[in-house]
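> Below is one structure. I have some questions about it.
No lab work stands behind these numbers, since they all come straight from the coordinates. Note that the coordinates shown come from a computational prediction; the quantities given were computed from them, not determined experimentally. Backbone-built Cβ (ideal geometry, glycine too); neighbour counts: all protein chains shown.
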Amino acid sequence: MDHNTQSSSGSFDLNEADLIGTPIYDIDGEKVGSISHLHHAATSRQAVVDVGGFLGIGTRPVLVSLDDLTIQQDPDGNVYGVTSWTKDQITALPEHYD
């Protein structure tokens, strides 16, 4: 996936519901998970990203700041997120419990 030819979140409108299920890709373009839900705090917004597993089985949630994700949209309107982290870095994050 060539992230350089896509629109960044500054050029289209999204709400929280639009982000649920959004796939997340690492710096190498490999899918590392998807957003399951968002947390709002006084100073930051964070995404709970389900990582690992196979076909949704065996995934575990990790907390990622939305500041660490770039939300983009491809020409077909599909929304996805990109992080500057590697797959190993994001899957090594501690498991998040609500």
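> Step through the residues of the range 29-39 one at a time and calculate ³J(HN,Hα) from phi using the Karplus curve (6.51 cos²θ - 1.76 cosθ + 1.60, θ = phi - 60°), rounding each to whole Hz and writing x for Gly and Pro.
x, 8, 5, 10, x, 8, 6, 8, 6, 10, 10
> Check Thr59: other-chain or 5+ apart residues with amide H under 5 Å from its amide H, H built from backbone geometry?
It is Phe54, by chain and number.
> Among Asp98, Asp68, what is the fewest-to-most ranking by other Cβ atoms within 10 Å?
Lowest count first: Asp98, Asp68.
> In the range 43-98, which chymotrypsin sites (Phe, Trp or Tyr not before Pro) fall in coil by DSSP and have 12 or fewer other Cβ atoms within 10 Å?
For chymotrypsin sites (Phe, Trp or Tyr not before Pro) across the range 43-98 that sit outside H, G, I, E and B with at most 12 neighbouring Cβ atoms in 10 Å, the list reads Tyr97.
> Would you pull out the residues with amide H under 5 Å of Val32's amide H, same chain only if 5 or more places away, H placed 1.01 Å from N?
For Val32, the qualifying residues are Ile24, Tyr25, Asp26.
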